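Enquirer: So that we are looking at the same thing, I have put the structure below in structure tokens.
The values are calculated or read from the model by the stated rules, or taken from the named source; none is laboratory data. These figures come from a predicted structure and were not determined experimentally. Neighbour counts run over all protein chains shown; Cβ positions are idealised from the backbone, glycine included.
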Amino acid sequence: MRPFLTAALLILTALPAAAAPTLQPGLYDISVQIVMKGMPMQMPVMKLQQCLTDRDIADGKAYASNKNKDCKIGKLIQSGNQVSYDFNCAMEGSQRMVGRASGTTHATGYDILMSGRFVPAMEGMGEFSQKLSAKRLGACK
């Protein structure tokens, strides 16, 4: 898999960090499982950590990737423990990733499923899905 594709998919991991108004600020352990349709081998589960502040949660900035300013979030809906949004991310050249994400949240974590596609298809890969799970570890360091 090309390095920029992996980097582009990792950009999406920062998107759903603040999942609901009840999400507590702190350091989160995030697991990312990416499934590429049409690929014989799938990528291993990736792990990362992200620190969220009260402000990130209150103003929704936790949904915007701090790694890619060209990743836009739209149609954000937070209702109770449910969250959903559209994403549209610029990649290398004229390539884009577009799709929809939805999931559930609670005070110390979230589970989000993202489904999207590459526009235009990239090296025979058109669609992908990504499962994000987060668990609060404690206060930010």
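Enquirer: Among the numbered criteria (1) under 16 Å from F128 (Cβ atoms); (2) modelled with pLDDT of 85 or more; (3) touching a strand residue (DSSP E or B) at 6+ places or on another chain (Cβ under 7 Å), which one does Q49 miss?
Expert: It fails just one condition, (1).
Enquirer: In segment 105-118, what residues are over 13 Å from S129 (Cα atoms), part of a strand (DSSP E or B) and among the hydroxyl-bearing types (S, T, Y)?
Expert: Residues of segment 105-118 over 13 Å from S129 (Cα atoms): 105-111.
Filter again for part of a strand (DSSP E or B), leaving 105-106, 109-111.
Within segment 105-118, T105, Y110 qualify.
Enquirer: Assess whether G26 counts as being at pLDDT 80 or above and in contact with a Cys (Cβ under 7 Å, 6 or more places away or on another chain).
Expert: Numbers: at pLDDT 80 or above: yes; in contact with a Cys (Cβ under 7 Å, 6 or more places away or on another chain): yes.
Here the answer is yes, as G26 does meet what is asked.
Enquirer: Filter segment 122-138 down to the residues that are of a type in the set (D, E, K, R), more than 11 Å from the chain's Cα centre (by Cα) and surrounded by 15 or more Cβ atoms within 10 Å (Cβ to Cβ) and list them by number. It would help to see each step written out before you state the result.
Expert: Pass one, segment 122-138, residues of a type in the set (D, E, K, R): 123, 127, 131, 135-136.
Among the residues that remain, those that are also more than 11 Å from the chain's Cα centre (by Cα) are: 123, 127, 135-136.
Of everything in segment 122-138, just one residue is of a type in the set (D, E, K, R), more than 11 Å from the chain's Cα centre (by Cα) and surrounded by 15 or more Cβ atoms within 10 Å (Cβ to Cβ), namely R136.
Enquirer: Right, something else. How many residues are polar (S, T, N, Q) and in contact (Cβ under 8 Å) with a residue 60 or more places away in the chain when one looks only at segment 31-48?
Expert: So in segment 31-48, the residues polar (S, T, N, Q) come out as 31, 33, 42.
Filter once more, keeping what is in contact (Cβ under 8 Å) with a residue 60 or more places away in the chain: 31, 33.
Residues that pass the stated criteria total 2.
To keep it simple, each residue is scored yes or no on (1) part of a strand (DSSP E or B); (2) modelled with pLDDT of 80 or more; (3) within 15 Å of the chain's Cα centre (by Cα).
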position	(1), (2), (3)
M41	no, no, no
A62	no, no, yes
G74	yes, yes, yes
S84	yes, yes, yes
V98	yes, yes, yes
G103	yes, yes, yes
P120	yes, yes, no
C140	no, yes, no
